[in-house]
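Comments concern the structure below.
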Amino acid sequence: MAESTVHQSRSRDLDKLLLRPGNLVAPTFEPGAQLRDDLQEYARILVVGAGGLGCELLKDLALSGFKNLEVIDMDRIEVTNLNRQFLFRLEDVGKPKAEVAARRVMERVSEYDSDDKPIEETVKPMVDGGTEGFKGHARVIIPGSTPCFECTIWLFPPQVKFPLCTLAETPRTAAHCIEYAHLIKWDEVHSGKTFDPDDPEHMKWVYTEAVKRAELFGIQGVTYSLTQGVVKNIIPAIASTNAIVSAACTLETLKLVSGCSKTLSNYLTYNGVEGLHIKVTEFVKDKDCLVCGPGVLLELDTSVTLQKFIDMLEEHPKLLLSKASVRHQATNLYMQAPQVLEEMTRSNLNLPLFELMGKVPRDIVHVTGTTSRDGKKASCLRKLCLVFKGADAVTDQDMAVGA
Amino acid sequence: MVGEELTEQETALYDRQIRVWGADAQRRLSKSHILVYGMKGTITEFCKNIVLAGVGSLTLVDDRAVTEEALSANFLMPPDENVCSGKTLAELCRDSLNEFNPMVRVSVEKGDLTSFGVEFFDKFDVVVISFCSLATKKLINERCRKLSKRVSFYTVDCRDCCGEIFVDLQKYNYAMKRLDETTECELQYPSFQEAISVPWRSLPRKVSKLYFAMRVIERFEEAEGRKPGEICIEDLPAVLKLKKEICEAQSLNESHIPNALLERLVTGTREFPPVCAIIGGILGQEVIKAISGKGDPLKNFFFFDSVDGKGIIEDISDPTPKG
C-alpha cells in the first residue's frame, strides 16, 4: 500500500479526509498537513452543556481530532443521568458535570484543557442539536446564508401551559390535577415556602394532593412518576438517540472547520418512533425575520423628530403600529410604559431621530407596539431599517447661531 | 437482575428511558443476551448504547491484539498503552464497558467465531457481527437460523464515512401502533444469502447506490482471498473490472454504481468516529426494538452517508410471495 510522504497522524481516517482533494469539498478547502495541524492547534470549539448530547459530543469531537475543547454546564450529576451520560459513574453523583466530563475526556485523549469560562458573543457558525425520546434533530446555522435560529423558531413545539382557570375549575387530565397541586394548592397551604422539585417530601405532597383532586373529579392516571414528569418537565431520554444526533453535529463541525466536505444543508430530522426516518430539509431564511432579516425599509428626513416617527408608524401600510416604543442598539429611545421609564424618555420625543441615533445615515431600530388583526389587538415587535435622506444638508442648530 | 420486577436501583437508573419505552420493555431488555463480534468503532458504539440501556448480558469476541488504529479511534481503549499489553481487544473493551453499567454482565469468548457450533449460538437472543467476509456473514446467519428459537442477526460495516446495516429477524410478529389502533403485524425477513441473491434488475431504480457498491467490494475481497478491509487504491482497476462483469451478469447499467463511490470504499477502509456513533446508535435502537417488541423494526438494509447526511432504508427481499 502506498505510504503518504506526509507524517501520518494518529488518526488515519482524519488524514484521508484532510490530506487529499475531493469532489464535494467547499471552495475554500486546501488539503494538506497544514490544514490538519491547524485544525488541531487553532480551532477552538465550545460545547454548551455536558449532559446527554454534551458527553457524546465531547467524545466525538475528541476522536475527530479537535484538541481545543471547552465545555460549560451549570448542573451536577444525578443518578437518572447515568443511563446515557456515559462519562459519569455512580461515584460521581453530586459532582459538577462540566468538571467530570472534561476530566474523563482528557484521561482518554490526553491533550485537552478543561475550563468553565463563559464566552463573549461573536458571530460564528453554529451547530445545533436536540433530542427527546426517539426523536431528534441536528442542524447547521451559518450567519448570513442559512436561516438563523429565530427564522426557524416555529419548528419548536409550543410550550405546554395550562390556563389557570382550567387548573382551578375544570380539570380534565391527570396533568391538570398535578399542576393544580403544584401551582395553586402549594401556595395556599405552604404560603411563603418555596416549592423545591428536588425535595422528595415536597414532591410526595404534590402527588398526594393531585391524587385527591383526581379522585374528586373522577380522573385517572395520576402516578408518582407522572407527577415528577409534569412538575420537573422531564424529557424522556435514551443513549442511542443522543449518540446519533451528537455524531451528526460532530460531522458538521468537522466539515465547517476544515472544509473537507459540503455541510448538511441544512436541517436533519431523526425519528425512530415508528420504524426509522431520517430526512434532510433545506429551510430558507425568513425574509421577515426579526434577527437576520433586513427589516422593513423606511426613508426619513433628517429633521424628523422621534414623535413624528412614532406617529408615522401608525399610518405606515406595512406596519399599522400604534403606541410604539423605540429601541436603537442598546438604548430605549422612548418607552410607552411603565410610567417611570416613560417620564425618563419623554424628552427624546422632540429631538430629531437622526441625532438620537448618532447621525449615522443608515441603521436598524426595533419597535414594539400594538397592531390590529381581524379586529383583535396584539402586541408585536418589528425590525426596521432606517435610511436618512439628505444627510449632508443638516444644519446643526448650534452652528446656525454663531459664525 | 434477580426476580421478575425491576429493582429500586434499576428504576432510578433507567428512569429516563422507562419513560420512553415502559417498564415492561425494560424488563425484557434485562433478560436478553447479546453476542458481538469485531470490536471496531461502530461495534463499540453499539455496545455502549446497549450496555447503558441495561441488557442482561453482552459477550464479546475479538482475539486481536491492540493496534494503533484501535487506540486512535476506539474510545473504549484505556489511554495508557502499558495497560493494553497482553490483553486482547475484547478484554480491553469488556473492562471499559463494565464501568458504564455494572448491572450488565459483560464477558469475553475466545476463539474463532466460525468454529463455534449451532449450540453456542443458542445461548443468545441477538448476534451482531462486523467486518466479516461474505462467507462468514452467510455462515453465522445460517447457524442462527438453524435454531428453534429466534436469534436476531445483524451485520454492520462502516468504511470511509458511510456505512451499512443488515437485519434478519426471520419471522417477526409485533404490535404496530397507529394513533389509537393496534394491529398485529408479521414480517418475513430473508437471510443474508437470500437477500443478496435478489436479481439486481428486479430492484427499484432508486435503490441506494451504496448497496450495490458494498456488494462489489464484498465479492472482490472474497474472490481475492482478502480479509475484510484488506484492500487499497492499487486494487481499484480490478474492482472496476469486477463491477463491469457483475453489472453485465445482472443486466444493470454500470452507471448505477459510480466509480467515485467505489474509490472511496477502496481507499477509506478505516472507520470514522462520528459515523460509527451514528450507525452504532441506529443499530443499538434496532436491537432494543427487536428485544422489547416495541416499535417498527427496519427491514432489511440501512445505509448512511455523511456526505449528504441521509439515512436510507431499503427492503431487499424476494418480491414473489412464498406459498
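The values are calculated or read from the model by the stated rules, or taken from the named source; none is laboratory data. Note that the structure is predicted; figures quoted are calculated from it, not measured. With ideal geometry, Cβ positions are generated from the backbone for all residues, glycine too; neighbour counts draw on all protein chains shown.
Remark: pairs (first residue in the stretch B:36-64, at positive phi; second residue assigned to a helix (DSSP H, G or I) and of a type in the set (Ser, Thr, Tyr); Cβ separation under 9 Å; 6+ apart in sequence or on different chains) = B:GLY54/B:SER30.
Among all positions in the stretch B:187-203, there is no residue which is on the phi > 0 side of the Ramachandran plot and surrounded by fewer than 20 Cβ atoms within 10 Å (Cβ to Cβ). Residue-level check: of (1) closer than 24 Å to B:VAL20 by Cα; (2) not polar (S, T, N, Q); (3) not in a helix (DSSP H, G or I), A:ASP196 misses just (1). Taken over the stretch A:123-182, the criterion of being surrounded by fewer than 20 Cβ atoms within 10 Å (Cβ to Cβ) and part of a helix (DSSP H, G or I) is satisfied by A:ILE153, A:TRP154, A:LEU155, A:LEU164, A:CYS165, A:THR166, A:ALA168.
The set of residues in the stretch B:243-284 being surrounded by 17 or more Cβ atoms within 10 Å (Cβ to Cβ), part of a helix (DSSP H, G or I) and small (Gly, Ala, Ser) consists of B:ALA277, B:GLY280, B:GLY281, B:GLY284. Considered as a group, the residues in the stretch B:180-209 that are among the hydrophobic types (A, V, I, L, M, F, W, C) and in a strand (DSSP E or B) include one that is modelled with the highest pLDDT, and that residue is B:LEU187. Only a single criterion out of (1) more than 17 Å from A:VAL387 (Cα to Cα); (2) crowded, with 18+ Cβ neighbours inside 10 Å; (3) in contact (Cβ under 8 Å) with a residue 24 or more places away in the chain is not satisfied by A:MET335, namely (3). Between A:LEU63, A:LEU90, A:LEU53, the distinction of being within 14 Å of another protein chain (Cβ to nearest Cβ) and either of a type in the set (Lys, Arg) or surrounded by fewer than 16 Cβ atoms within 10 Å (Cβ to Cβ) (or both) belongs to A:LEU90 only. Here the strands (runs of 3 or more DSSP E) wholly within the stretch B:82-179 that include at least 3 residues being modelled with pLDDT under 90 are B:171-178.
If you go through the stretch A:89-97 one residue at a time, do you hit one that is farther than 20 Å from B:PHE100 by Cβ, of a type outside the set (Lys, Arg) and either within 24 Å of the chain's Cα centre (by Cα) or modelled with pLDDT of 95 or more (or both)?
Yes: one or more hits.
Please pick out the residue among B:PHE121, B:PHE153, B:PHE166, B:PHE131 that is over 30 Å from B:ARG264 (Cβ atoms) and of a type in the set (Phe, Trp, Tyr).
B:PHE121
Here is the figure for the stretch A:37-53: residues that are free of Cβ contacts under 8 Å to residues at least 40 places away in the same chain and part of a helix (DSSP H, G or I) total 4. Note on the stretch B:146-178: residues that are free of Cβ contacts under 8 Å to residues at least 12 places away in the same chain and either of a type in the set (Gly, Ala, Ser) or over 26 Å from B:ILE312 (Cβ atoms) (or both) amount to 1. Out of A:THR194, A:THR146, A:THR173, one residue alone is at pLDDT below 95 and in the same structural domain as A:ASP75 (by TED's automatic domain parsing). It is A:THR146. Taking the criterion of being in a helix (DSSP H, G or I) and closer than 27 Å to A:LEU17 by Cβ, the residues of the stretch B:226-242 that qualify are B:ILE233, B:GLU234, B:ASP235, B:LEU236, B:PRO237, B:ALA238, B:VAL239, B:LEU240, B:LEU242.
As a summary of the residue check, A:LYS97 satisfies the conditions (1) basic (Lys, Arg); (2) buried (at least 17 other Cβ atoms within 10 Å of the Cβ); (3) within 14 Å of chain B (Cβ to nearest Cβ) except for the one numbered (3).
When A:VAL304, A:VAL284 are checked against the criterion of being surrounded by 14 or more Cβ atoms within 10 Å (Cβ to Cβ) and more than 13 Å from chain B (Cβ to nearest Cβ), A:VAL304 stands alone in meeting it. If the condition is being crowded, with 23+ Cβ neighbours inside 10 Å and of a type in the set (S, T, N, Q), then the stretch B:113-140 contributes only B:SER130.
Within the stretch B:19-35, being of a type in the set (Val, Ile, Thr) and touching a residue at least 12 places away in the same chain (Cβ under 8 Å) holds for one residue alone: B:ILE34.
Out of the stretch A:210-257, which residues are over 30 Å from A:VAL140 (Cα atoms) and in a loop (DSSP other than H, G, I, E, B)?
If the condition is that a residue be over 30 Å from A:VAL140 (Cα atoms) and in a loop (DSSP other than H, G, I, E, B), then A:GLY218, A:ILE219, A:GLN220, A:GLY221, A:VAL222, A:THR223 are the ones that fit.
Could you pull out the residue among B:MET77, B:MET39 that is at pLDDT 85 or above, part of a loop (DSSP other than H, G, I, E, B) and of a type outside the set (Phe, Trp, Tyr)? Step by step, each of B:MET77, B:MET39 is checked, and only B:MET39 is at pLDDT 85 or above, part of a loop (DSSP other than H, G, I, E, B) and of a type outside the set (Phe, Trp, Tyr). Kindly indicate whether A:VAL189 is farther than 25 Å from B:VAL20 by Cα, surrounded by fewer than 17 Cβ atoms within 10 Å (Cβ to Cβ) and of a type in the set (A, V, I, L, M, F, W, C). So A:VAL189 fits the description; yes. With respect to (1) of a type in the set (A, V, I, L, M); (2) buried (at least 18 other Cβ atoms within 10 Å of the Cβ); (3) over 30 Å from A:ARG104 (Cβ atoms), the lone exception for B:LEU147 is condition (2). So, in the stretch A:230-265, of the ones that are more than 10 Å from chain B (Cβ to nearest Cβ) and farther than 25 Å from A:ASP38 by Cα, which residue ends up surrounded by the most Cβ atoms within 10 Å (Cβ to Cβ)? Applying the filter and picking the extreme gives A:VAL230.
With respect to being of a type outside the set (Asp, Glu), buried (at least 17 other Cβ atoms within 10 Å of the Cβ) and part of a helix (DSSP H, G or I), A:LEU268 falls outside the description.
All of A:THR250, A:THR281, A:THR269 fail the test of being in contact (Cβ under 8 Å) with a residue 60 or more places away in the chain and touching a strand residue (DSSP E or B) at 6+ places or on another chain (Cβ under 6 Å), apart from A:THR269.
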